[in-house]
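This report concerns only the one structure given below.
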Amino acid sequence: MKAFIASVVASAVFLALPAAQAADNDLAALEKAARSEGQVNSVGMPDSWANWKDTWNDINSKYGLKHSDTDMSSAQELAKFDAEKENASADIGDVGAAFGPIAVAKGVAQPYKPTHWDQIPAWAKDKEGNWALAYTGTIAFLVDKQQVKDVPHSWADLKKGKYVITIGDVGVAAQAANGVLAANYALGGDEKNLKPALNFFAELAKQGRLGVTDPVIANIEKGEVQMAVLWDFNGLNYRDQIDKNRYEIVIPSDGSVTSGYTTIINKYAKHPNAAKLAREYIFSDAGQINLAKGYARPIRAEHLTLPADVQAKLLPQSEYKNARPIKDQAAWDKSSKMLPRLWQENVIINMQQ
């Protein structure tokens, strides 16, 4: 009975706050408000991606929040927020960096600056707090050595093989779009001019060597993927889960891109405080180390000491010498919006012949 009365009193206090949301800078109030909501529903944050599993388990045991996730691509997440509006079924999602500004433009994000805001580099966050990258990845190759005997170490090497290269759905998945940009860097292009990569993948399509199924662990485990273009953290994770000796993870030596992912708190979230608390935890030391356990590079890496066993999971830094972050973000924001159409017109068309 005491617990019930305390709960009612607590609820009354939080309902008195503007828009029934706790003040962002008052963590104690935020935690109580989140606990009163009792759950947080995510999209695009499955257990197998960047070790979200440990973070959701921690949030459940630490704050008593129940959790459910529906996996989907970055574009699908924002479309869902926009379509459902006040009937929101999701509170928070994880989207590729290029989708942060898109979420703001669509009006589906709400801001929250976590405690460690100042330790997030300026290039990796929106000054209003609508989005902030929690971790980065670099585009890599996952190679099934049972099916591919001569392991490629560069985009140039891919031209020499006969195996199928699986990239996924470039129109909707941030991972796949960044795969195109990584190839473009290696082939002499930039964020504005995607022609080199489009020509490269068009040639693979003509040869019947381009796979557009999703390079997820289930497809890889079944042997349906000979070689995939994906984030390093996914490649390393899938390799270790299936068979460490069967797969090789390579950062292409002639060029790659390093980018990241940001949480978007749904403007229409039914559990906004739980979503904010989830973001708060993701940027805490424990949340950042969880991401590193999932092979991702935490955005606060310079301010953390990773446990030795976690550090050992990551590829050596020397592998990344020709990987670089996006130089002209505005140009890439523009190009990535046009990419689905360009991909259809220049690449997919060649798969239908």
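Relative to the longest principal axis of the Cα atoms of the chain, helix 74-84 runs at roughly 40 degrees.
Calculate, for the stretch 156-275, the solvent-accessible area per residue in square angstrom, rolling a 1.4 angstrom probe over the heavy atoms of the protein chains.
Values: 4070 Å² over 120 residues.
Heavy-atom accessible area per residue stands at 34 Å².
Only helical runs count toward this figure. For the chain, summing -39,500 (n - 2.57) over DSSP H runs of n ≥ 4 and dividing by all residues gives -12000 deg cm²/dmol at 222 nm.
Taking only the C-alpha atoms, wrap a convex hull around the stretch 229-280 and report its volume per residue in Å³ as a whole number. Walk me through the intermediate numbers first.
Details: hull volume 6.9 nm³, N = 52.
Dividing the Cα hull volume of the stretch 229-280 by its residue count gives 132 Å³.
Taken over the C-alpha atoms, the stretch 250-328 has Rg and Dmax values of 15.4, 46 angstrom.
Cross-chain or 8 or more residues apart, Cα under 15 Å: how many lysine pairs in the stretch 120-233 fit that? Count them up, please. Show your work: numbers first, answer last.
Working: Lys145/Lys162; Lys145/Lys222; Lys149/Lys159; Lys149/Lys160; Lys149/Lys162; Lys159/Lys206; Lys160/Lys206; Lys162/Lys206.
Lysine pairs meeting both conditions in the stretch 120-233 amount to 8.
Global size of the stretch 110-152: 18.2, 50 Å for Rg and Dmax (C-alpha atoms, Rg to one decimal, Dmax whole). Relative to the Cα centre, the charge distribution of the stretch 222-274, modelled as +1 at Lys and Arg Cβ and -1 at Asp and Glu Cβ, gives a dipole magnitude of about 380 debye. If both residues of a DSSP beta bridge must be in the chain, then about 60% of such bridges are antiparallel.
Normalised by the number of residues in the chain, the average gap of Cα pairs under 8 Å and 6 or more apart makes the relative contact order 26 percent. Heavy-atom surface analysis with a 1.4 Å probe gives the stretch 163-321 a carbon and sulfur content of 47 percent of its accessible area. Here is the tail figure for the stretch 295-353: Cα pairs spaced more than 12 Å apart come to 79 percent of all pairs. Between helix 272-282 and the chain there is an angle of about 60 degrees, using the helix long axis and the longest principal axis of the Cα atoms.
Can you pull the semi-axes for the chain, root of five times each eigenvalue of the Cα gyration tensor, sorted largest first, whole Å?
Details: eigenvalues 284, 90, 64 Å².
Equivalent-ellipsoid dimensions as semi-axes: 38, 21, 18 Å.
Ellipsoid semi-axes for the stretch 68-210, based on the Cα gyration tensor and the rule √(5λ), read 34, 18, 15 Å when sorted largest first. When the Cα convex hull of the stretch 15-135 is projected onto planes of every orientation, the mean area is 7.7 nm².
So, by mean Cβ neighbours within 10 angstrom, what's the order for 166-178, 227-239 with the highest one leading?
Working: 166-178: 23.2, 227-239: 25.9.
Top of the packing list down: 227-239, 166-178.
Evaluated at q = 0.17, 0.20, 0.32 Å⁻¹, the base-10 log of the normalised Debye intensity for the stretch 175-225, with identical point scatterers placed on the Cα atoms, takes the values -0.59, -0.75, -1.12. Shape annotation for the stretch 72-117: C-alpha extents along the principal axes are 31, 22, 19 Å, from largest to smallest. When only the Cβ of Lys, Arg, Asp and Glu is charged (+1, +1, -1, -1), the dipole of the chain relative to its Cα centre reaches about 280 debye.
Relative to the longest principal axis of the Cα atoms of the chain, the long axis of helix 52-63 lies at roughly 10 degrees.
For the stretch 128-205, the C-alpha radius of gyration sits at 1.25 times the compact-globule guess of 2.2 N^0.38 Å, with N the residue count.
Taking all protein chains as present, what is the carbon and sulfur share of the accessible area of the stretch 32-158, in % to the nearest whole number, probe 1.4 Å?
Details: 2420 of 5160 Å².
Its accessible area is 47 percent carbon and sulfur atoms.
The values are calculated or read from the model by the stated rules, or taken from the named source; none is laboratory data. As the structure is a prediction and not an experimental result, all values here were calculated from the model. When we count neighbours, we look across all protein chains shown, and the Cβ atoms used for this are built from the backbone with ideal geometry, even at glycine. What goes into the accessible areas is simple: the full protein's heavy atoms, side chains included, and nothing from ligands, DNA or RNA. Shrake-Rupley method; radii C 1.70, N 1.55, O 1.52, S 1.80 Å.
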